[in-house]
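A short worksheet on the structure shown next.
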Amino acid sequence: MSDTTAIAGVQFLTFVLDSKLFAFDVLKTREVLSLIPITPIPGTPDYMSGVLNLRGSVVPVIDLRKKFGIAQSAFTENTSIIIVEASSAGETIIIGALVDAVKGVRVFEQSQLEPPPKVGMKLSLELIHAIGKTDKDFTLILNVDKVLSDDDISLARDLFDAEGGAEAK
């Protein structure tokens, strides 16, 4: 890939859930972690795995398999946590997203991005920003701000504040 392509295209961090390719906008992604200990928090929704310690800050972690109603599978050496910035009501919260594996950054040109179909989708249309297409496969590009609903962000903010985390942006 040439430098011109990288500048002209839009970059997405791709990851796998149940053998399907998904992505988040690179600009919403802070970092990728190997699976590290997550402390469960009682009384939270089942898809809220708990919190982790990221360099002294408390970061809530959501299991995207559970969030999307995908059957659980055993963790592997590829299981990862993507640290993302989610926005709601003008506030940015840092949240971890537990995924099966991270594939890497992929550049899509605008001509390779299609809106999601309006029928036949298991996921809510508002969760999907676009579908990236190549000759070989499709990538569901998720809208971080919608995947993590206002309730999720509110819960994350409460956990963050209760555990003494650093201030959100």
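The values are calculated or read from the model by the stated rules, or taken from the named source; none is laboratory data. Worth saying up front: this structure is predicted, and the values here are computed from it rather than measured. In this analysis, Cβ positions are derived from the backbone assuming ideal geometry, glycine residues included, and neighbour counts consider all displayed protein chains. The accessibility values were calculated without ligands, DNA or RNA, using every heavy atom of the protein model including side chains. Shrake-Rupley method; radii C 1.70, N 1.55, O 1.52, S 1.80 Å.
Can you pull out the chymotrypsin sites (Phe, Trp or Tyr not before Pro) in the range 1-93 that DSSP calls coil and that have at most 14 other Cβ atoms within 10 Å?
Answer by residue number: Phe75.
Measuring from label point to label point, each 7 Å out along Cα→Cβ, what is the Val16 to Phe138 span in nm?
If labels sit at Val16 and Phe138, their model points lie 1.9 nm apart.
Name the residues whose placed amide hydrogens come within less than 5 Å of the amide hydrogen of Ala101, ignoring near sequence neighbours (fewer than 5 apart) on the same chain.
Val16, Ser80
Which residues in the range 26-44 have a backbone N closer than 15 Å to a point placed 7 Å from the Cα of Ser87 along the Cα-to-Cβ line?
Answer for this model: 26-30.
At 1.4 Å probe size, what's the solvent-accessible area of Arg106? Round to the nearest 10 Å².
70
Keeping every protein chain in place, order Lys146, Lys28, Lys118 by accessible area at 1.4 Å, biggest value first, i.e. largest first.
Numbers: Lys146 95, Lys28 45, Lys118 175 Å².
Correct descending sequence by accessible area is Lys118, Lys146, Lys28.
Taking every pair of alpha-carbon atoms in the range 25-129, give the share separated by more than 20 Å as a whole percent.
Considering the range 25-129, 48 percent of its Cα-Cα pairs are separated by more than 20 Å.
Need one value: the accessible area of Lys20 in square angstrom, 1.4 angstrom probe, rounded to the nearest 10.
Here the accessible area works out near 110 Å².
Glu114: accessible area at probe 1.4 Å, nearest 10 Å²?
80
In nm, what is the difference between 0.36 nm times the number of residues separating Ser57 and Glu126 and their Cα-Cα distance?
Length difference between fully extended and current span is 21.8 nm.
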